[in-house]
Structure formats: structure tokens, C-alpha cells
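The values are calculated or read from the model by the stated rules, or taken from the named source; none is laboratory data. Please read these numbers as outputs of a predicted model, since none were measured by experiment. Note that each Cβ is placed from the backbone with ideal geometry, even for glycine, and that neighbours are counted across all protein chains shown. These accessible areas exclude ligands, DNA and RNA; they are computed on the full protein's heavy atoms, side chains included. Shrake-Rupley method; radii C 1.70, N 1.55, O 1.52, S 1.80 Å.
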Amino acid sequence: MDGATRSQAAVSPCNVPCAITGTAELPIAPMGSTAVRRVADLRANGGKALDDDLNDSSNHDLDADEVLAEFERYLRFERDLSPHTVRAYLSDITALLDHLRGRLFGLDIGELRAWLADQHGAGKARATLARRTACVRTFTAYCHRRGWLATDPGLLLGSAKAPHSLPAVLDQEQAQAVLNAPPSTGDPKDLRDQALLELLYATGVRVGELCALDVDDVDRDRHVIRVLGKGRKERSVPFGLPALRALDRWCINGRPIWVRERSGPALFLGVRGGRIDAGTVRRVVHARLAQTEGTPDMGPHGLRHTAATHLLEGGADLRSVQELLGHASLNTTQIYTHVSIDRLRTAYRQAHPRA
């Protein structure tokens, strides 16, 4: 092979026949890496005297930190996943790479199953195992597309099923008791807390969606809020008169007192004038439920479950509830039919003489 051909091989290492089999492809490494130079040498030497190099995985792998950094950029900017999901996925892949001792080259289905078996043996919950399985499949598919893996072993990994536990919800009387707060003293905190509780129950929005709302996202005339959900998908969600009245009291009598230069257009503010955060909303919900006798303890997501369940009990169809909640799949929404049926079965047993 002359110098020009060797240079071309070093620049484009794709589809290089393996010296051992003559057919299998070597993993594609980033431009300028040691792996590219090794592949060029392999072709230049006809595959001779390179068995030790082929067995040395460090010659073919990216640095683990570089892999994680590239994967994070993919999750954030291409998949546009939420910061919470990105953190969870990076944590899972960090654990996988620790299990592999930073070695990506040669990753196969056996390694993946061994890692998940270790997780199961350590007592991880089924929901955690299901998430990590989904994460690994996303990761191996990405690595295969980048050329870091010759094949995608994640395709052979079965989809773990998370348990379909029924979420705790308030019944309609409990929801009314929680929202029928004592008369407000006009304190901005009381006005804000009442408004966000009313809006959570009225719309079933996620806590992150609530925190991201701006003043202009509320259409008072149409009784609709504009929500930016997962994957930056925008949807419009209606709300009723009680939520509108609570929002008006907060926006007229409460929010102006807390507004600062850093407030921007945020609808709900913290006591220092910044946009409210999810932790504050959770504390508000837990505190209000604790003040109401006979209600189960739950966070904002519990109010989301409650809103969906009450919509179905009131006659809303499943597709409408899916649209309101911003679910990508109808399968996610169907859990609320299980909640409704479970409560109907309980009422039947209590009321029917031959139950």
C-alpha cells in the first residue's frame, strides 16, 4: 500500500475488514485517535502482528468521561430531555461504565445482562431496573450510530416491565376540603399557595410545567393556560372559575408585592422574588394536605393523579385526558382507568347487597 492509500485509510476507517475474520468490522473511533492509527497500521501491515493490539481494548475505546459528555449533549440537545431525566440517564450510564471498568470496546449482551443482574441482586426496585434497561438501550443505540460499537447489543435486551401500582388519589370530598382554605389574610404567600393549588388540581399539570408558567401564559378570557411540556411540546389546558379567581387574587394583590427585577415574567414567585422552584411547590402541597384531616400525604404529582381520576369519573374520555395531561402514549393515561375501576369496585362491594 502506498503512502496516499495509507493516508486515506487513516482518514476514513469505516468498513475495515477484521484481520482475524476478514469480514467483521472494527469499531469506528474518533478522528485522530489511537484507534484510527491502529486501523491504518492494520491495513498497512495486512493484519499481521497486531493480535495484541486487537485484544487491548484501551486502544479502541474513547475515554469514559468523553463518552459521558457526548451522550449528555445528545440527550440535552438532540433528544431535548428534561434535566431530571438527563441526570438519571447519566447516573445509570456512569454505573454501567464503572461495571465495565471504563471499557466500551467489546460490550455485548452478556455484559449488559450481567450488570442488570447485579442491580437486581442489590435489591433495586423493578421500576429502577425498567428505567435502567431503557437507558442502556438508548445508550448502546447512540454508541452504535456514532460508530463506537460495531453492533448494538441493546437490541437483544428485553424490555423490563415496571410495576403498574395504582397511584394514591384524593376523593372528591377530600379535594374540596384541601382547596377550601381558611379565609386569606391577604398575605402574598397565602394567595400564591391557594392559586397554585387550585391550578394544579384544575389542570393536572406537572410541577415543572407549573413552575415554568409565565404571566402571559394565562388566557383569562378563554380560561386556558399555555403549557410547555416534555420534549418542548406545547399544549393548551383549560381551567375553571375557582382557579381563575385564585389567580386573579394572586396576580393583583400578592405578586406585585414580591416582584423584583429578577422576577421576569414568572407567574409564581418565591419570597425573594425569583421564579418558584419545584421544591417549594412540593412543600406547599404537603403542608396543605397535612392541615386537612383524613387526607393521604402526597405531592404535586398526587394532585395530577387526582385531577385525571376525577375527570374520568366525571365522564371525560381517555383521549381527552391524554391531551390534557400531555401524555405521548395512551398507555400512560390508561392507569387512571384502573384507579377509577378499583374505586368503583370498592363502592360496589360496600353498596350492593349481593356483592
Surface accessible to a 1.4 Å probe, residue 91 within the full protein complex, Å²: 70 Å²
Summed residue charge, Cβ within 13 Å of residue 156's Cβ, Lys/Arg positive, Asp/Glu negative: -1
Accessible carbon and sulfur surface of the range 145-277 relative to its total accessible area, %, 1.4 Å: 52 percent
By average C-beta atoms within 10 angstrom, highest first, the peptides 244-256, 77-89: 244-256, 77-89
Distance (nanometres) between label positions extended 7 Å along Cα→Cβ at residue 80 and residue 241: 3.8 nm
For the range 135-151 and the range 108-130, distance of Cα centres in Å: 18 Å
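Residue 261 to residue 316: extension gain in nm, 0.36 nm per residue of separation minus the Cα-Cα distance?
The residue 261-residue 316 span can extend by a further 15.6 nm.
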Within-12-Å neighbourhood charge of residue 137 [Cβ basis; K, R +1; D, E -1]: 0
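Classify the range 111-216 as rounded, prolate or oblate, taking a ≥ b ≥ c as the square roots of the eigenvalues of its Cα gyration tensor: rounded when a/c is under 1.5, otherwise prolate if a/b is larger than b/c and oblate if not. Walk me through the numbers on the way to the answer.
Details: a/c = 4.12, a/b = 2.34, b/c = 1.76.
Taking the square roots of the gyration eigenvalues as a ≥ b ≥ c, the range 111-216 is prolate.
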Simple spin-label estimate for residue 109 and residue 332 in nanometres, 7 Å along Cα-Cβ: 2.9 nm
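Name the shape class, rounded, prolate or oblate, that the alpha-carbon gyration tensor gives for the range 219-355, where a ≥ b ≥ c are the square roots of its eigenvalues, rounded holds for a/c under 1.5, and otherwise prolate holds if a/b is larger than b/c and oblate otherwise.
On the way: a/c = 2.30, a/b = 1.68, b/c = 1.37.
The shape class here is prolate.
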Per-residue ³J(HN,Hα) for the range 288-294, Karplus 6.51 cos²θ - 1.76 cosθ + 1.60, θ = phi - 60°, Hz, x for Gly and Pro: 5, 5, 5, 7, 9, 5, x
Percentage relative contact order, the range 209-272, counting C-alpha pairs under 8 Å, at least six apart: 33 percent
Three-way shape label, the range 136-282, alpha-carbon gyration tensor, a/c 1.5: prolate
